Structures are given as structure tokens and as C-alpha cells.
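Below you'll find the structure, written out as C-alpha cells, and then a few comments.
The values are calculated or read from the model by the stated rules, or taken from the named source; none is laboratory data. From a predicted model like this one, the values you see are computed outputs, not experimental measurements. Every residue, glycine as well, gets a Cβ built from its backbone with ideal geometry; the counts of neighbours run over all protein chains shown.
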Amino acid sequence: MLVPNTDSNLALNLTYVFSALLLVNLLLKFWLNSRQIRHVAGHRHQVPMAFSNIVNLTSHQKAADYTIAKLRLELLEIALGAAILLGWTLLGGLSALNQALLNWLGYGGMGQQLALLGAFILINSAIDLPLGLYQTFVLEARFGFNKTTPKLWLMDLIKSSLLGVAIGLPIVWLILWLMGAAGAQWWAWAWGAWVALNLLLMWLFPTFIAPLFNRFSPLENQALKETVTRLMTQCGFASKGLFVMDGSKRSAHGNAYFTGFGSAKRVVFYDTLLAKLSIKEVAAVLAHELGHFNHRHIRQRMLVLFALSLAGFAMLGWLATQLWFYAGLGVQPNLGNPNDGLAVLLFMLTVPVVSFFITPLLSWMSRRDEFQADAYAVAHTSGEDLATALLKLYDDNASTLTPDPIYARFHYSHPPASERLAHLSRRTTANTS
């Protein structure tokens, strides 16, 4: 139930705080992106000395141009995102959508609340669609990375939409039901359900979800299989199998990852990765991923995510009952009727505005983990092989070698190339001395 508050200053103050945070958010993102564009463009005409014998000028300039093109598109996305957020909140878009559905479906029903969430997602997806198509079929294609076809893209969209409905609808229904039926502590039950769903999806993903989008074949390269198996045995890592994913049908970018729980974990290599790296380099990349498991980075990140989500659900549990929360964000709540769908949407819209400011901390934690995983890889394979593998991936993925230091500190989840390779060199020297 809403808690009425006659002090309109609370709503007004929220409007001011939200507007200020959104403005600072927007200006900071524009400033960081502009710094990155200028820095990359300013270093476009010369390969950094540390890479001059490895990376040619043509590849370096392609990486610079690709980075700048992505950043310019991101500037448009940032501006459009801020305008859409204002439209949904302070300009009354969400309130108008809610009122239209109330007039059509009536007050207080689960159907109206699910319709509100569904309509919101559908409208937002339609708004995002043009830029998504441009990025895939224009920007990525311009630099030779896009391999998907319009038919494959459409099939992916249909599959992901159906999968989203099949997974999302039950959990959304459950959360809305708990909000109305589980009392003041509904958020604790909802958080438990959300955690359980995430764990279930991690178990389902490798066997039931991922094969809907890609083909996974057992690794057939016998020499690579023996090398990888020997490395995993040495590291005490149990795996259910080694698989190759046909990532090349969508993109030229390469990767490798683990998926699954316990001894059922699978090792997955993109076919594009295997086409670019030698056996020793693939083993070094795998050793890096094994380093993440050895240091329990995946578990730590899950625990951080679950802790943050618990705080989020608790905050939503309180805000959902406050009249000023709705009024301050431009929404007219349903007095005397459930507002659970409205509360969820408003919370989803506003949290990114606040959480953006902890991005540097999360990026630093991620870079720290990458350094630790690199150190583990050097201890179990060749540091030179990992370095050459990374350079090939930087080159093939057109990753800039000259990022702006402030932008990198704020956004980069992986250390910049110069820092990472210097760290690898120090580790390799220490291990051989």
C-alpha cells in the first residue's frame, strides 16, 4: 500500500536530484567518450613503440577507426537514451501508458500490470531496433566483422523474444504476485526467487539455451585436445567436454569460455579463435580462463551481484510504498490500487542513473581479476604465448592500443594492452629468473 505524504517537497526534491544526476551522468559520458575519441584519433598515425615490431600501421589505423566509429555511435545512443528516460519519467510517458492500459483493462488486475511491463519492453525494443540494425549491418560490416545475414538476425530475434517471454513472464508474474501477497517482506522472497532463477539458467544455458542459437561440436583437433586436457589435469580442472562453437556465422570476433556447474563444466572455443591462434596460444588463453576459476572470480562476481541485487530489492520494497517516489518521477500512481508494475519499471529506469557512478570501482575490480588470471596463466603456460595470443586478438578484433587513460580507468573491464603486456613481461621474467 502507498504511504501518503502531504510534504510535496519530498517529490520536488526527488525531481531535482534525479534531474541533476541524469545531467551529470550525460555530461560525464560525453566527456569521457570525447576524450577517448580525441586520444585515439591523435595517436592514429603511429603505432606505439612497444608494438611497432608486431602490429603494422594499417591494422593500427583500422583499430583506431573502428574504435572512433563505435564511440560516435555510442554518443548518439547516450543522447537518445537520456531523452527516452526523460520521456518515460518526468515528461509523463510511463504515466500516460499506465493510464491508457487502466482505461482499457481496468484497475488492479495482474493482467494490466503484466500488460504495462510488456508494452514498455515492446516500445523500448522498437526504439532501440534501428541503432541495433545499424551497428550490426553497417558499422560491423564496414570493418569486416559482421557475418550474420538478415534471415539469421531475424531468426535470432524471434528465438530470443520467445525465450524472453518463456523465462521472463513467469518470474515477473511471481514477483508481482509476491509484491501483493507476501506482505512487507515480499522483497526478500522475490530476491530468493531471482537468485534461484539465475542459478537455474546457469545450469540450463549450456545444454538447452545456447544450442538454440549456435552449433556446438566436439573438439576434433587431437593435438590441441591433448594439450588442453594435459593443462586442465595439471590445474586440477574437471570438464564434461571440449566444444567448438560456430561463432563465425555471426561475427569474426573470437573468444573462449567455460559454462556449467562443477564437473559438468564445458570448455567452449569459438571457431574464429581456433582459426587465428596456434595450439600453444590457445592453451595460454585457456590457462587465463582457468586462472579465473582458480581464484574463484566467477563465484566472487556472483556473490557481489547477489548482494547488490538484495540491496536493490530491499530498496524497491521501501520505495514502492512511497507516494513521493512516483510523483517525483512524473508518474501518477493508482491510489487505493496496486502500483507494483509501475514501481518495478520506475526502479529499473532510475537505478542505472545512480549505478553508473560506481562503474570505475567495478571496472577496477575486473581489471584486478584479469591481472591475477594472467599471472596464473604465466605460471602454467608460456607468458610469450599468451602475449602473442593477446596481440593477435587485439589485432583481429580491432581493439585500440592507445586508449585514453581516464576513459580506460572508468570503463575498461580488461587492462589496456600496454599495461597488460608489461605485466605479462614482468611475470615471465620473474618466473624464469
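Here are some residues: Ala275, Ala283. Which one is of a type in the set (Gly, Ala, Ser), touching a Leu at 6+ places or on another chain (Cβ under 7 Å), assigned to a helix (DSSP H, G or I) and at negative phi?
Ala283
Among the listed residues Ala375, Ala343, Ala314, identify the single one that is over 25 Å from Ala20 (Cβ atoms), touching a residue at least 12 places away in the same chain (Cβ under 8 Å) and assigned to a helix (DSSP H, G or I).
None of the other options fit; the residue is Ala375.
Examine the stretch 73-83 for a residue that is closer than 20 Å to Pro360 by Cβ and touching a Lys or Arg at 6+ places or on another chain (Cβ under 7 Å), and state whether such a residue exists.
Yes, the stretch 73-83 contains a residue that is closer than 20 Å to Pro360 by Cβ and touching a Lys or Arg at 6+ places or on another chain (Cβ under 7 Å).
Only one of (1) in contact with a Lys or Arg (Cβ under 8 Å, 6 or more places away or on another chain); (2) without any contact (Cβ under 8 Å) to a residue 40 or more places away in the chain fails for Glu281. Which number is that?
(2)
If you go through the stretch 156-213, how many residues are free of Cβ contacts under 8 Å to residues at least 24 places away in the same chain, aliphatic (A, V, I, L, M) and in contact with a helix residue (DSSP H, G or I) (Cβ under 8 Å, 6 or more places away or on another chain)?
4
Here is a yes/no grid of residues against (1) in contact with an Asp or Glu (Cβ under 7 Å, 6 or more places away or on another chain); (2) over 28 Å from Asp65 (Cβ atoms); (3) among the small types (Gly, Ala, Ser):
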position	(1), (2), (3)
Leu90	no, yes, no
Gly111	no, yes, yes
Leu116	no, yes, no
Ala119	no, yes, yes
Phe137	no, no, no
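Ala307 fails exactly one of the following numbered conditions: (1) part of a loop (DSSP other than H, G, I, E, B); (2) hydrophobic (A, V, I, L, M, F, W, C); (3) without any contact (Cβ under 8 Å) to a residue 12 or more places away in the chain. What is the number of that condition?
(1)
Inspect all residues belonging to the stretch 100-107 and state whether any of them is on the phi > 0 side of the Ramachandran plot and free of Cβ contacts under 8 Å to residues at least 24 places away in the same chain.
Within the stretch 100-107, one or more residues are on the phi > 0 side of the Ramachandran plot and free of Cβ contacts under 8 Å to residues at least 24 places away in the same chain.
Taking the stretch 300-325, which residues are under 27 Å from Met365 (Cβ atoms) and of a type in the set (Ser, Thr, Tyr)?
Ser309
From the list Ser363, Ser399, Ser413, which one is of a type in the set (Gly, Ala, Ser) and assigned to a helix (DSSP H, G or I)?
The unique qualifying residue is Ser363.
With within 28 Å of Phe213 (Cβ to Cβ), among the polar types (S, T, N, Q) and either over 21 Å from the mean Cα position of the chain (by Cα) or surrounded by fewer than 17 Cβ atoms within 10 Å (Cβ to Cβ) (or both) as the only criterion, which of Asn334, Asn294, Asn255, Asn339 stands out?
Asn255
Tell me, yes or no, whether the stretch 218-234 has at least one residue that is more than 17 Å from Leu290 (Cα to Cα), touching a Ser or Thr at 6+ places or on another chain (Cβ under 6 Å), among the small types (Gly, Ala, Ser) and not in a strand (DSSP E or B).
No, every residue in the stretch 218-234 fails to be more than 17 Å from Leu290 (Cα to Cα), touching a Ser or Thr at 6+ places or on another chain (Cβ under 6 Å), among the small types (Gly, Ala, Ser) and not in a strand (DSSP E or B).
Taking the stated definitions as given, is Asp385 farther than 30 Å from Ile78 by Cα and out of contact with any His (no Cβ under 6 Å at 6 or more places or on another chain)?
In short, yes.
Consider Phe356 against the criteria (1) under 30 Å from Asn53 (Cα atoms); (2) part of a helix (DSSP H, G or I): it satisfies all of them except one. Which criterion is unmet?
Going through (1) under 30 Å from Asn53 (Cα atoms); (2) part of a helix (DSSP H, G or I) one by one, Phe356 breaks only (1).
Would you confirm whether or not the stretch 264-271 contains a residue that is in contact (Cβ under 8 Å) with a residue 24 or more places away in the chain, acidic (Asp, Glu) and in a loop (DSSP other than H, G, I, E, B)?
No - not one qualifying residue is present in the stretch 264-271.
Please pick out the residue among Leu76, Leu10, Leu86 that is touching a strand residue (DSSP E or B) at 6+ places or on another chain (Cβ under 9 Å) and of a type in the set (A, V, I, L, M, F, W, C).
Within the list Leu76, Leu10, Leu86, the selection yields Leu10.
Select from the stretch 49-101 the residues that are within 20 Å of the chain's Cα centre (by Cα) and of a type in the set (Asp, Glu) and write down the one among them that is surrounded by the most Cβ atoms within 10 Å (Cβ to Cβ).
Glu74
Exactly one condition in (1) touching a Ser or Thr at 6+ places or on another chain (Cβ under 9 Å); (2) of a type in the set (A, V, I, L, M); (3) not in a helix (DSSP H, G or I) is false for Leu86; which is it?
Leu86 satisfies every listed condition except (3).
Can you spot a residue in the stretch 18-31 that is part of a loop (DSSP other than H, G, I, E, B) and either farther than 22 Å from Thr350 by Cα or at pLDDT 95 or above (or both)?
Scanning the stretch 18-31 turns up no residue that is part of a loop (DSSP other than H, G, I, E, B) and either farther than 22 Å from Thr350 by Cα or at pLDDT 95 or above (or both).
So which residues in the stretch 218-247 are among the small types (Gly, Ala, Ser), modelled with pLDDT under 90 and surrounded by fewer than 16 Cβ atoms within 10 Å (Cβ to Cβ)?
Selection gives Gly236, Ala238, Gly241.
Listed residues Leu174, Leu169, Leu116; which is of a type outside the set (Gly, Ala, Ser) and within 23 Å of the chain's Cα centre (by Cα)?
Leu169
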